[in-house]
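First up is the structure itself, then whatever we jot down about it.
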Amino acid sequence: MSTQAAASVSTHVLDTSIGRPAEGVAVELSVRSGGRAAWTAHGASRTDADGRCKDLPALPEGTTHVRLLFETEPYFAHQQAEEQQDAPRVRDSGAFFPEVAITFAVKPGEHYHVPLLLNPFGYSVYRGS
């Protein structure tokens with residue numbers, strides 16, 4: 001039995017087109033053990049009013065890779081439908097990136113915070129703290 005702590009993951013999404021957290025983005029967490037292993041669904045969440053997912057489960061022992069899948073198309077469809085009084089919007093008829101998949105390697109006992117900076121036509125991601 002291993003005494004090493006499990007790795008953990010957290011994330012948040014910021015909509016840089018409006019300078020605010022992206023609320024309501026569905027996020028799926030998948031894991032695998034080894035670069036050629038099949039992905040296994042491990043958890044799901046939705047960003048809160050602060051753009052954060054606070055309830056993603058700890059990773060299973062032996063996890064070497066994690067994939068976060070952000071469902072961005074429904075978020076932008078919802079944003080486009082709402083009138084924004086504080087920020088003008090110019091968007092085309094749909095999300096350019098209907099989803100964003102981020103895959104990264106993990107080590108036991110470490111925490112991985114993975115922020116997604118999102119706008120209708122691009123995104124950026126990094127390992128945060």
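The values are calculated or read from the model by the stated rules, or taken from the named source; none is laboratory data. None of the values given here were measured: they were computed from a predicted structure. Heads up, the Cβs are rebuilt from the backbone with ideal geometry, glycines too, and the neighbour counts pull from every protein chain shown.
Numbers at a glance
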| quantity | calculated |
| --- | --- |
| Scan of segment 63-84 for residues that are modelled with pLDDT of 95 or more and assigned to a loop (DSSP other than H, G, I, E, B), ordered by number | Thr63, Thr64 |
| Checking Ile18 against (1) more than 28 Å from Ala5 (Cβ to Cβ); (2) at pLDDT 95 or above; (3) of a type in the set (A, V, I, L, M), the condition it does not meet | (2) |
| Test set (1) under 19 Å from the mean Cα position of the chain (by Cα); (2) modelled with pLDDT of 90 or more - Gly109 fails condition number | (1) |
| Within segment 8-35, tally of residues that are closer than 17 Å to Ala77 by Cα, part of a strand (DSSP E or B), touching a residue at least 40 places away in the same chain (Cβ under 8 Å) and touching a His at 6+ places or on another chain (Cβ under 8 Å) | 0 |
| Hey, Ala87 closer than 15 Å to Phe70 by Cβ and either buried (at least 16 other Cβ atoms within 10 Å of the Cβ) or modelled with pLDDT under 90 (or both) or not | no |
| Filter result (loosely packed, with under 14 Cβ neighbours inside 10 Å and over 19 Å from Tyr112 (Cα atoms)) within segment 11-66 | Gly19, Arg36, Ala37, Ala38, Ala49 |
